[in-house]
1. When the chain is fully extended, how far beyond the present Cα-Cα distance does Arg127 get from Gln190, taking 0.36 nm per residue of separation?
2. Take the alpha carbon gyration tensor of segment 154-241, find the square roots of its eigenvalues, order them as a ≥ b ≥ c, and report rounded if a/c is under 1.5; if not, report prolate when a/b exceeds b/c, else oblate.
3. With r defined as the distance between the Cβ atoms of Lys206 and Ile158 and R0 fixed at 22 Å, what FRET efficiency is calculated, to the nearest 0.05?
4. Multiply the residue gap between Tyr105 and Glu197 by 0.36 nm, knock off their C-alpha separation, and tell me the result in nm, one decimal place.
5. Given the peptides 219-232, 143-156, arrange them by the average over their residues of other C-beta atoms within 10 Å, most packed first.
6. Please compute the modelled spin-label separation between Lys223 and Asp119, points set 7 Å along Cα→Cβ, answer in nm with one decimal.
7. What accessible area per residue comes out for segment 120-241, rounded to a whole number of Å², with a 1.4 Å probe?
8. Between Arg239 and Val85, what's the calculated FRET efficiency when r is the beta-carbon distance and R0 is 25 Å? Round to 0.05.
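The values are calculated or read from the model by the stated rules, or taken from the named source; none is laboratory data. As the structure is a prediction and not an experimental result, all values here were calculated from the model. So basically every Cβ, Gly included, is an ideal-geometry build from the backbone, and we count neighbours across all protein chains shown. All accessible areas refer to the heavy atoms of the entire protein, side chains included, with ligands and DNA or RNA removed. Shrake-Rupley method; radii C 1.70, N 1.55, O 1.52, S 1.80 Å.
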Amino acid sequence: MAAAASSLTIASSFSEPRTQILNSSKRSNLPLQYTIPYKVDLRNRSKRLGLVVSSVSAPNVELRTGPDDLISTLLSKVANSDGGVTLSPEQHKEVAKVAGELQKYCVKEPVKNPLIFGDWDVVYCSRPTSPGGGYRSVIGRLFFKTKEMIQGIDSPDIVRNKVSITAFGFLDGDVSLTGKLTALDSEWVQVIFEPPEIKVGSLEFKYGFESEVKLRITYVDEKLRLGLGSRGSLFVFRRRQ
């Protein structure tokens with residue numbers, strides 16, 4: 001829905017004095033006649049010009065914000081924030097507020113909508129360790145720099161999470177998770193992930209155990225997807241080009 005704007009039009013009309021020169025055979029006695037189309041109020045010398053001014057008050061119109069505007073606002077608030085790490089508590093609240101407005105425009109039964117499939121950049125999470133685990137913790141970020149976080153959802157039920165990192169400032173690596181998606185209802189999904197796999201240089205191995213997450217899809221379209229974890233983590237996914 002396009003944003004509505006109030007329109008204010010102020011119209012002013014006036015006529016300039018017209019000067020008429022009457023022909024005369026004697027230039028020395030050239031008569032001049034002036035026709036002035038406005039009145040001068042001698043009782044109020046401040047009103048020298050007969051301008052008609054009409055004041056129009058703008059109607060009190062409630063501005064409506066559509067999903068496109070909310071998406072632009074949301075992405076601008078999380079841009080260059082390292083997935084939300086650098087945002088202040090107040091800024092996190094602002095992100096949550098915009099996301100709450102955007103979810104009002106969510107399609108019905110988003111879990112069944114094919115728009116959920118594809119590759120998505122994880123551009124924001126309200127809890128840094130939710131994507132990437134310990135690599136995204138306060139201590140982990142001292143040694144590992146996150147380059148990108150991607151989630152892929154393949155039809156009908158495969159989820160692929162990958163966090164690309166640089167270890168110790170020079171060694172590139174990936175931490176990957178592969179899981180199976182199960183729809184719990186029209187909004188909630190459950191994903192059971194296999195043990196994570198790490199690749200650093202030529203080294204590749206799996207470690208740890210299976211993990212499980214539950215996520216509510218609160219908005220999805222061609223550009224953006226919002227997810228809310230069972231523990232309250234807010235995710236913002238932007239579709240990869």
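1. Once the chain is fully extended between Arg127 and Gln190, it gains 20.8 nm.
2. It is prolate, given that a/c is not under 1.5 and a/b is the larger ratio.
3. 0.80
4. Gain on stretching Tyr105 to Glu197: 29.4 nm.
5. The peptides rank, most packed first, as 219-232, 143-156.
6. 2.1 nm
7. About 54 Å² of surface per residue is accessible.
8. FRET efficiency, Arg239 to Val85: 0.70.
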